[in-house]
1. Under the condition of being in a helix (DSSP H, G or I) and touching a residue at least 12 places away in the same chain (Cβ under 8 Å), which residue from segment A:39-62 is nearest to DNA strand D (Cβ to nearest atom)?
2. If B:Thr183 satisfies every condition in (1) open to solvent by less than 10 Å² (accessible area, probe 1.4 Å); (2) not assigned by TED's automatic domain parsing to the domain that holds B:Thr218 but one, which is the exception?
3. Taking segment B:316-335, which residues are farther than 20 Å from B:Met152 by Cα and part of a helix (DSSP H, G or I)?
4. Being open to solvent by 100 Å² or more (accessible area, probe 1.4 Å) and near DNA strand D (Cβ under 7 Å from one of its atoms) is the filter here, so list the residues in segment B:19-38 that pass it.
5. Which one is nearest to the chain's Cα centre (by Cα) among residues in segment A:253-307 that are of a type in the set (Asp, Glu) and part of a loop (DSSP other than H, G, I, E, B)?
6. How about segment B:104-135: which of its residues are open to solvent by 10 Å² or more (accessible area, probe 1.4 Å), more than 7 Å from every other protein chain (Cβ to nearest Cβ) and on the phi < 0 side of the Ramachandran plot?
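The values are calculated or read from the model by the stated rules, or taken from the named source; none is laboratory data. Keep in mind that what you see is a predicted model, and the values were worked out from it rather than measured. Virtual Cβ from ideal backbone geometry, glycine too; neighbours counted across all protein chains shown. Surface accessibility is based on the protein's heavy atoms, side chains included, excluding ligands, DNA and RNA. Shrake-Rupley method; radii C 1.70, N 1.55, O 1.52, S 1.80 Å.
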Number of protein chains: 2
Amino acid sequence: MQTFATSNFMKKKRITLVDLAKELELAASTISRALDNHPGISIETKEKVLKKAEELGFTRNSIASSFKKNKTLTIGVIVPRIDIHFHSLVISGIEEFAYKAGYNVTIFQSRDSLEREKEITKILQNKMSEGVIICLGTETNSYEHFEKLNRMKVPLVFYDRVPTGMEANKIVINDFESAFKATEHLIEIGCKRISHIGGNQSTGIFKARFEGYKAALTKHDFPIDESLIYFTKDLSYEEGALFAEKLVDLVPRPDGVFCSNDYTAVSAIQVFQKKLVKIPEEVAIVGFSNYPISKIIEPHLTTVNDRAFEMGLAAAKLLIGQIEEEEEIIQTEIITIKTELLIRESSSR
Amino acid sequence: MQTFATSNFMKKKRITLVDLAKELELAASTISRALDNHPGISIETKEKVLKKAEELGFTRNSIASSFKKNKTLTIGVIVPRIDIHFHSLVISGIEEFAYKAGYNVTIFQSRDSLEREKEITKILQNKMSEGVIICLGTETNSYEHFEKLNRMKVPLVFYDRVPTGMEANKIVINDFESAFKATEHLIEIGCKRISHIGGNQSTGIFKARFEGYKAALTKHDFPIDESLIYFTKDLSYEEGALFAEKLVDLVPRPDGVFCSNDYTAVSAIQVFQKKLVKIPEEVAIVGFSNYPISKIIEPHLTTVNDRAFEMGLAAAKLLIGQIEEEEEIIQTEIITIKTELLIRESSSR
DNA sequence: AAATATCATGCAAACGTTTGCATGATATTG
DNA sequence: CAATATCATGCAAACGTTTGCATGATATTT
């Protein structure tokens with residue numbers, strides 16, 4: 001067919017190193033080295049090569065290069081969802097560090113599905129990524145799929161939701177201590193009955209926050225009052241409202257609430273406000289994570305800044321460090337990012 | 001040195017197709033085809049190969065494969081910032097579609113820097129990505145760097161902030177019409193003096209929203225009152241408050257405000273509330289973009305759902321369609337995603 | 001001036017897969 | 001039963017770059 005032949009014929013071939021070499025009557029190796037600014041190549045040649053490359057619109061085929069060098073300069077990132085602010089901040093940090101180190105970042109969403117998480121690790125086994133940064137999905141209870149990557153010598157770094165009982169690189173915040181400090185802050189401003197709206201206790205970080213809450217109470221000789229403690233399924237805004245409704249009707253009413261995230265805290269603020277309970281005078285509220293909304297809600301919400309961006313930076317730095325390590329990696333690292341309690345109006349007495 | 005030699009020696013080589021072939025006394029080509037489930041290979045052989053591959057922990061070197069097939073199954077995405085909710089939603093949509101189509105997504109942040117945007121396009125010229133999805137940074141005023149990619153036959157799809165005057169694939173929402181409808185909605189519920197807090201007018205989408213606002217007023221024989229119109233630099237929460245302060249003191253006060261995004265709208269709600277102006281009774285407020293906060297702020301904010309996730313899906317679909325097109329691409333497409341006005345309490349009379 | 005060091009470039013193999021074509025063995029047809 | 005179709009597998013080249021080593025030409029040292 002005429003048209004087919006024509007369209008095929010028109011498929012212009014990309015310019016390669018060899019084309020450039022022929023054009024300049026040099027060896028391909030010389031071109032390659034010239035483009036690498038190799039010291040063994042004369043300045044004049046380098047200039048000629050650069051000029052010609054520009055002229056012919058030549059750019060290196062990075063796949064061929066990756067193939068030969070066995071380096072892709074790509075790292076993979078698996079997150080439950082990208083559109084959760086915390087994760088998008090972490091990814092932003094990862095991308096920032098990776099970009100400056102010359103690495104590309106390929107992202108995958110597990111959508112909290114274990115099956116999909118496994119599928120993704122299969123894809124990542126193909127040496128496409130030189131290392132992987134992971135935040136576990138909620139369904140993940142075994143780590144065999146990651147162990148496998150590990151055995152294939154693919155460096156791994158986990159962040160936030162990290163595997164318990166598996167030796168691995170981890171970037172975490174000190175959830176226990178952060179919660180401890182947040183609760184202690186409530187005690188210090190004079191709260192006597194401090195409630196907790198917590199996350200799913202099968203997730204390590206939420207359990208640690210609850211433990212921190214309890215430890216602070218205990219330290220100051222406060223009783224642990226079960227009637228003041230509620231655990232949500234997924235720390236949603238709606239669940240927060242549900243439990244806040246219960247808290248507001250208690251007699252005596254709690255005068256402080258430590259919530260495991262900002263959504264539930266904001267929800268609590270609104271529920272208490274609707275019942276005309278003054279914040280922070282009658283009840284002080286503290287959240288966790290420093291979501292954008294915490295600076296917008298009235299009163300502004302006291303919360304724990306978990307430094308998500310810095311977690312991303314740290315994760316990328318650790319991972320790339322291990323990728324570029326010549327010797328075999330024989331150690332794992334656990335890095336704890338320092339949090340800070342941002343005291344705002346919701347707990348300023 | 002002993003240790004060096006040892007560690008070098010220990011660097012276990014990856015299993016290749018050829019290793020597998022030797023082990024099974026088959027040709028490499030047979031292995032390759034077996035793994036591809038090629039019809040020309042007998043079931044028994046396929047089973048043997050699969051079994052052995054599993055046994056030896058073989059996985060294809062996808063770089064070698066990409067290199068040979070000249071297909072990377074990777075698309076690039078350039079966004080100003082990942083941690084802006086709108087973009088993270090779009091990326092989520094892109095990843096979702098791409099994943100199901102067997103493509104990987106590599107992300108880059110331009111951070112609204114033209115220089116960085118150009119750098120990224122340079123990186124993307126290396127045939128690493130088979131196509132690119134882009135949201136322009138604020139600094140971007142020329143498109144030469146993208147034209148260059150275009151000339152190299154790399155399919156491009158722009159979304160949201162798209163290049164004006166450049167023929168290209170674009171995924172947009174109808175900003176004009178959305179703003180028109182939002183404003184008309186305010187008119188329909190009885191607002192007589194409708195204000196506008198707009199975005200930077202050098203950005204197409206914000207200009208279009210302003211035009212839509214004006215058109216709705218004009219259609220209903222309302223005057224365009226300059227004193228009711230403010231343009232922000234970047235539609236920040238803070239800027240919104242600044243201009244809302246001015247609006248609330250006007251006599252007569254506006255009884256409706258159409259804001260070009262939700263941050264400024266939320267800010268306006270709070271400023272009006274502080275001055276004890278009742279919403280929606282005395283002033284109705286409408287935002288744009290359906291940020292999470294719009295469902296949380298009291299009263300809940302009426303806003304335009306821009307369907308960011310769907311934009312991502314559409315962008316990926318269009319791009320991958322073009323990547324897989326055999327014939328030369330001789331057309332560009334502009335897809336307009338339908339928005340919807342979500343009427344909530346802030347404008348419910 | 002011979003011996004040696006330095007410099008600029010070229011040669012050729014290698015990386016691991018894919019794929020068109022060839023091959024030989026069975027199965028099917030007239 | 002000869003001719004042909006179908007099937008399962010193998011051969012070998014190719015993809016574009018990188019890199020250790022070789023080479024020949026100058027420059028520098030004895």
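1. Once the filter is applied, the top-ranked residue is A:Ala53.
2. It fails just one condition, (2).
3. If the condition is that a residue be farther than 20 Å from B:Met152 by Cα and part of a helix (DSSP H, G or I), then B:Lys317 is the only one that fits.
4. Within segment B:19-38, B:Glu25, B:Arg33 meet the criteria.
5. Of everything passing the filter in segment A:253-307, A:Asp306 is nearest to the chain's Cα centre (by Cα).
6. As a first pass, look at segment B:104-135 and keep what is open to solvent by 10 Å² or more (accessible area, probe 1.4 Å): B:104, B:111-116, B:118-119, B:122-123, B:125-128, B:130.
Checking which are more than 7 Å from every other protein chain (Cβ to nearest Cβ) leaves us with B:111-116, B:118-119, B:122-123, B:130.
If the condition is that a residue be open to solvent by 10 Å² or more (accessible area, probe 1.4 Å), more than 7 Å from every other protein chain (Cβ to nearest Cβ) and on the phi < 0 side of the Ramachandran plot, then B:Ser113, B:Leu114, B:Glu115, B:Arg116, B:Lys118, B:Glu119, B:Lys122, B:Ile123, B:Glu130 are the ones that fit.
Yes or no, residue by residue, for (1) at pLDDT below 95; (2) open to solvent by 10 Å² or more (accessible area, probe 1.4 Å); (3) out of contact with any strand residue (DSSP E or B) (no Cβ under 6 Å at 6 or more places or on another chain); (4) not β-branched (Val, Ile, Thr):
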position: A:Asn174; (1), (2), (3), (4): no, yes, no, yes
position: A:Ile194; (1), (2), (3), (4): no, no, no, no
position: A:Gly198; (1), (2), (3), (4): no, no, no, yes
position: A:Ile224; (1), (2), (3), (4): no, yes, yes, no
position: A:Lys278; (1), (2), (3), (4): no, yes, yes, yes
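Yes/no matrix, rows are residues, columns are (1) within 16 Å of DNA strand C (Cβ to nearest atom); (2) modelled with pLDDT under 95; (3) in the same structural domain as B:Arg161 (by TED's automatic domain parsing); (4) closer than 25 Å to B:Ala34 by Cβ:
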| position | (1), (2), (3), (4) |
| --- | --- |
| B:Leu56 | yes, yes, no, yes |
| B:Ser65 | yes, no, no, yes |
| B:Lys68 | yes, no, no, yes |
| B:Val79 | no, no, yes, no |
| B:Ile82 | no, no, yes, no |
| B:Ile94 | no, no, yes, no |
| B:Ala98 | no, no, yes, no |
| B:Ala101 | no, no, yes, yes |
